[in-house]
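What follows is a short report on a single structure.
FYI, it's all coordinate maths here, none of it is from the lab. Quick caveat: nothing in here was measured; it's all calculated off a predicted structure. Cβ placement follows ideal geometry from the backbone for every residue including glycine, while neighbour counts extend to all protein chains displayed.
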């Protein structure tokens, strides 16, 4: 069992989007690790560089209710959005095998009521999560009004600079500026707007393993009901 959760609020970049950091988030994180290890993980979609397994709905909803007051206070979302997806996630893709889309910052969707929750469940050096600004536009988030320009700018940037090398992003690039990074700490949860540009921070020393008890394991909730 862990201690009382400790909550810190950050506002990063020019757009000042809130980022909620909750240390000692879950009362029994080792039980979550054991649950993940008991499940069959597989590839879900083309974007995540690893394997996933679905989190039990009751567990996911308990976590949603736990953060609901914070969503109301810091994001103005009351009631809290519903859970659209919930996974245990394990990064397993070697840098050399990354698809082009996995070498770039991304956003989960353009909607205002889209929230991401990421809980770090790995021990040891796990990297973290980084947030980015598209240099040419200055965008740190992408909503419906920005989507076309964001895509056109990305296409132009790729023509100018070429695709990124096959590696996980570890800092600034010709196309993106890193504006914040939150280190991965065991049982630390991050809560942030899903339309902000972000990606995993995975320096070379992070161990990528297919064993959930040895690798870079997280629990991810995606909240959205628009």
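Assorted remarks:
- Under the simplified labelling scheme, the residue 30-residue 96 pair shows an inter-label distance of 3.8 nm, with each label point 7 Å from Cα along Cα→Cβ.
- Calculated P(r) tail over 25 Å for region 1-120, as whole % of Cα pairs: 34
- Evaluated at q = 0.28 Å⁻¹, the base-10 log of the normalised Debye intensity for region 143-192, with identical point scatterers placed on the Cα atoms, takes the values -1.10.
- At q = 0.14, 0.15, 0.19 Å⁻¹ the log10 of I(q)/I(0) for region 6-223 amounts to -0.86, -0.99, -1.59, computed by Debye summation with a single uniform scatterer per C-alpha, solvent ignored.
- Ordering of 192-201, 5-14, 37-46, 214-223 by packing [mean C-beta count within 10 Å, highest first]: 192-201, 214-223, 5-14, 37-46
- Cα centroid separation, region 79-108 to region 7-54 (Å): 10
- Once both labels are positioned 7 Å from their Cα atoms along Cα-to-Cβ, the gap between residue 59 and residue 10 label points is 2.6 nm.
- Each semi-axis of the equivalent ellipsoid for region 99-194 is √(5λ) with λ an eigenvalue of the Cα gyration tensor; in descending order they amount to 25, 18, 10 Å.
- Helical contribution to [θ] at 222 nm, DSSP H n ≥ 4, -39,500 (n - 2.57), averaged over the chain, rounded to 500: -6500 deg cm²/dmol
- Ordering 151-163, 93-105 by mean Cβ neighbour count within 10 Å, with the highest value first, yields 93-105, 151-163.
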